[in-house]
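A.B. asks: My questions will all concern the structure given below.
The values are calculated or read from the model by the stated rules, or taken from the named source; none is laboratory data. Fair warning: this is a prediction, and the values are worked out from it, not measured in the lab. Because the Cβ atoms are built from the backbone with ideal geometry, glycine has one as well, and the counts that use them run over all protein chains shown.
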Amino acid sequence: MNNRLYGNLIFELSKKGRRGYSLPKDSFGDYQIPGEFRRQQDAALPECDELTVVRHYTNLSNNNFGVDTGFYPLGSCTMKYNPKINEEMAALPQFQNLHPLQPSDTVRGASALVALLEKSLCALTGLAHFTFKPYAGAHGELTGLMTIDNYHRSRGDLQRKKVVVPDSAHGTNPASAAVCGLEIIEVKSQADGTVDFDDLQRIVSEQGQEISAMMMTNPNTLGLFEVRIPEIARLIHDCGGLMYYDGANLNPMLGACRPGDMGFDVMHINLHKTFSTPHGGGGPGSGPVGVREGLQDFFPFVSPWHGNFAVMMRAYAYILSLGRDQVKYVGPLATLNANYIKESLKDVYELPIDGLCCHEFVFDGLKDKATVSTDCPTVSTDCPAGVTTMDVAKRLLDYGYHAPTIYFPLLFHESLMIEPTENESKETLDGFIAVMRQIAEEAKTDPEQVKSAPHTTPIGRVDDVLAAKHPVVTYRQMKREE
Ligand SMILES: *Cc1c(COP(=O)(O)O)cnc(C)c1O
């Protein structure tokens, strides 16, 4: 690969007067654009020949890492393979060219798809109705909490303005509650990683009359099944609150068990995660909200039409291509794959919570704490003594793997959270395991190699804090060689 070429911005490849394409002359007529709207100077556009443009963008695209190019073991946010048949279905012109204002008798196929997808989700979750309006998981959480709030208001129960959220929850849970104008009560996790039932009992006895809902993820964000769900649901229902289920990642549940049967009243599903749509970088998403019978009357107005219809089409294609008999393997396979990696690495990486996990699990950095300084700050790129989770994640890039989620959940100092998903072959998992073991070995024999990684990517280690606090998002035209 030509480093000089693809390292540059297209503006820096520009040569005055170079042309890749010329617009046909005089074929647009004279539009008489009023003078005040006309440019005073030519736009500062790059001037390049066609081949330079093709190479520039092709090389840039080769720097992309995605689930179609390599293993992507991100925890908490399922990044699973997106079957190509989904794309073909979503691109069918009969669906793609519809307009939301068309008369309803001309969009019967689309309406049928919405109804059939709703029926499938009800069957998979044990809930009675879904709304497809929310555009993402977090939007679904907000919609669900507003539904619950509307329900309490309808009963004159106006003092219920608090939401119980476990300390292991995904950050969007407390954020959505806050946006909904609700106060957050954090419930602790006990040593085994599940909700501390005694702490919850204390909260309910002190503030039960003000509790609107409890939000839970099950399996939780540590990949652990919350075995006391029925008791927790009873406790919350008895004090008048409702149970909210964060079903962003439904993988481990699919075909195995249903939130509706466990006592949850309201939930959202991330169609783009569990039911596969290429996502990330802000979209596209779909976070339908499901409710128990009766609660559908309290759905708020959060967006017009039916949300991201193309994501719904992909989800339905995914469900249909698996079918009733195959879908029940998704949960068990996702669980098997996660446990296989966990068991194969726990002698070299610290496993703070042992035992069977579900679709994901968390290591607390390298096992050999002799090489890890306990007093170095969590996200340290220059920790003098030891190799951190950040270093391991960066070194993985050298071996062609996407890094797992790091430093989340916040329960451990060196969290490294892995979710392989159900799609990966044993050979892929074995390759990843071998590389993780290799890095653990390097941490002992050649720590500098790990701490200065990545070495093979176009850009080495970046200053994450600087990049977040002072992002440079525009290109300032510099004096260039003419
Ligand atoms: C991804 C995720 C969300 C948020 O979903 P978005 O579509 O990114 O808004 C919420 N909860 C959990 C557990 C998640 O993994």
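A.B. asks: Does THR58 satisfy being away from the ligand (no atom under 16 Å from the Cβ) and either exposed (fewer than 12 other Cβ atoms within 10 Å of the Cβ) or among the polar types (S, T, N, Q) (or both)?
C.D. replies: yes
A.B. asks: Is it the case that the range 145-155 has a residue that's surrounded by fewer than 23 Cβ atoms within 10 Å (Cβ to Cβ), within 16 Å of the ligand (Cβ to nearest atom) and closer than 15 Å to LEU242 by Cβ?
C.D. replies: yes
A.B. asks: Does ARG39 satisfy being surrounded by fewer than 10 Cβ atoms within 10 Å (Cβ to Cβ) and either of a type in the set (Phe, Trp, Tyr) or under 23 Å from VAL311 (Cβ atoms) (or both)?
C.D. replies: no
A.B. asks: Let me ask something additional. Please return the ranges of helices (runs of 4 or more DSSP H) entirely within the range 27-144 where 3 or more residues are in contact (Cβ under 8 Å) with a residue 40 or more places away in the chain, under 28 Å from the mean Cα position of the chain (by Cα) and on the phi < 0 side of the Ramachandran plot.
C.D. replies: 50-62, 84-90, 108-125
A.B. asks: Within the range 459-479, does at least one residue satisfy the condition of being in contact (Cβ under 8 Å) with a residue 24 or more places away in the chain and buried (at least 16 other Cβ atoms within 10 Å of the Cβ)?
C.D. replies: Yes, the range 459-479 contains a residue that is in contact (Cβ under 8 Å) with a residue 24 or more places away in the chain and buried (at least 16 other Cβ atoms within 10 Å of the Cβ).
A.B. asks: For the range 190-208, give me each residue that is touching a residue at least 60 places away in the same chain (Cβ under 8 Å) and within 16 Å of the ligand (Cβ to nearest atom).
C.D. replies: GLY193
A.B. asks: So VAL187 clears everything in (1) surrounded by 19 or more Cβ atoms within 10 Å (Cβ to Cβ); (2) within 16 Å of the ligand (Cβ to nearest atom); (3) not polar (S, T, N, Q) except one condition, right? Which one?
C.D. replies: (2)
A.B. asks: Could you please find all residues in the range 145-193 being under 22 Å from the mean Cα position of the chain (by Cα), within 27 Å of PHE225 (Cβ to Cβ) and in a loop (DSSP other than H, G, I, E, B)?
C.D. replies: ASP167, SER168, ALA169, HIS170, GLY171, GLY193
A.B. asks: GLY386 passes all but one of (1) among the small types (Gly, Ala, Ser); (2) farther than 26 Å from TYR81 by Cβ; (3) modelled with pLDDT of 95 or more; which number fails?
C.D. replies: (3)
A.B. asks: I'd like to verify a number: residues in the range 169-183 that are away from the ligand (no atom under 15 Å from the Cβ) and in contact with a strand residue (DSSP E or B) (Cβ under 8 Å, 6 or more places away or on another chain), how many?
C.D. replies: The total comes to 2.
A.B. asks: Can you tell me which residues in the range 115-155 are touching a Phe, Trp or Tyr at 6+ places or on another chain (Cβ under 7 Å) and among the aromatic types (Phe, Trp, Tyr)?
C.D. replies: TYR151
A.B. asks: Within the range 283-301, take every residue that is small (Gly, Ala, Ser) and surrounded by fewer than 17 Cβ atoms within 10 Å (Cβ to Cβ) and give me the one that is farthest from LEU250 (Cα to Cα).
C.D. replies: The qualifying residue farthest from LEU250 (Cα to Cα) is GLY294.
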